[in-house]
Amino acid sequence: MKNKLPTWVYKSVLAGLCLLPMFSFSATQWHQPELSPLDLAVLNKPLVKNNLSVKDTPIPDYNLELAVQLSPSLEISAQDIQWKVERAGVSVREVVGAYHQLQLPDGLYDIVLRIGKYREHHPVQLSANKRIKPYFRAQLGRLDVNATHPVTWQVSSAQGAFTNKTSRALHEIVAVGTYTVSVNLAQVLKQRRLVVQSGQTTTAKIDVPIGRLNLVATQANMPLFKPMQWEVYRLEKDKRRYYSTYHMHSQTVVIPPGEYEVVASHEGRIQKRQFHVRENTNNRVVLALD
């Protein structure tokens, strides 16, 4: 009876015979056999470590993402959305629009968002291999106020104050909050207290009561055409309060309704007259300085 070798010996020999044709040596060259499709599939399989494919690992092409979401009802244009990136108080980048991706050197930055009169800022620490997206709440709304006449606007709130040039309307994007809107025309001061809510437009109208006063000085039934002086006083409850002084022989004045006295003087000649001004009226006063 022949002795049988252990099974593992047969398997080892068989495996060695299978591998032997795969490689051959010569004095000058190393030969690699052709690989089967199955072998190629195994070799091309991505290396996986901690469930993350090395081939799929993203290489950041930006490290700062700027984004803000606004209510469509406010109809804010891209040009109104202004970003400024500052470092040590110096602006290093300025962009316009709702969304941006930026690549900046490592360091500490201050990101400032401006939309109309609204302002918000956040400090961020940037590094080359980490993306940062600061969160901007943008709690803002619109303030739309109209006046009956061109006026100078002053708006104040807990966040601060600003003044707009003379016009009939105030249209501003502002932070949410309570505002005091003041208008001034011809020493007439009017105020409105308005509340602005997020994503909404607050509208109001301010009525500024005024009249117009046309002053004309004459001599020999002709316009004076010489330097002279007008003094206008407002009469209130038996009080005579100085209002203003003018030096043209013909002068048009915007003035609040009420009782007035005007004094015209030229080369020692003086003329006076009292009159009443009503709202939205034109009042003509002609004084002869003969």
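Every number here is computed from the coordinates shown, using simple stated rules; none is lab data. Computed from a predicted model, the values in this text were never measured in an experiment. Cβ placement follows ideal geometry from the backbone for every residue including glycine, while neighbour counts extend to all protein chains displayed.
Below is a table of values for the structure above.
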| quantity | calculated |
| --- | --- |
| Unsatisfied cross-links (Cα-Cα over 28 Å) in the set Lys117/Lys205; Lys205/Lys239; Lys165/Lys237 | Lys205/Lys239; Lys165/Lys237 |
| Additional length obtainable on full extension of the chain from Phe225 to Lys190, 0.36 nm per residue less Cα span | 8.9 nm |
| Pair Ala128, Thr245: separation of 7 Å Cα→Cβ label points (nm) | 7.3 |
| Full-stretch length increase - Phe275, Lys205 - with 0.36 nm per residue and alpha-carbon distance subtracted | 22.2 nm |
| Spatial separation of Cα centroids for segment 99-120 and segment 163-220, in angstrom | 34 |
| Theoretical FRET efficiency, 1/(1+(r/R0)^6), r = Cβ-Cβ of Tyr62 and Gln139, R0 30 Å, to 0.05 | 0.65 |
| Interatomic Cα distance distribution for segment 64-126, bins of 5 angstrom, percent | 4, 16, 32, 24, 14, 7, 3, 1 |
| Nearest-20 debye value, segment 64-126 charge dipole, Cβ charges on Lys, Arg, Asp, Glu | 140 |
| All aspartates and glutamates inside 16 Å of Lys226 as judged from Cα atoms, apart from same-chain residues fewer than 8 positions distant | Glu267, Asp290 |
| Sorted largest first, extent of segment 173-290 alpha carbons per principal axis (Å) | 66, 31, 21 |
| Chain lengthening between Asn146 and Ala161 when straightened (0.36 nm per residue, less Cα-Cα) | 3.5 nm |
| In segment 87-139, chymotrypsin sites (Phe, Trp or Tyr not before Pro) in a DSSP loop with at most 11 other beta-carbon atoms within 10 Å | Tyr135 |
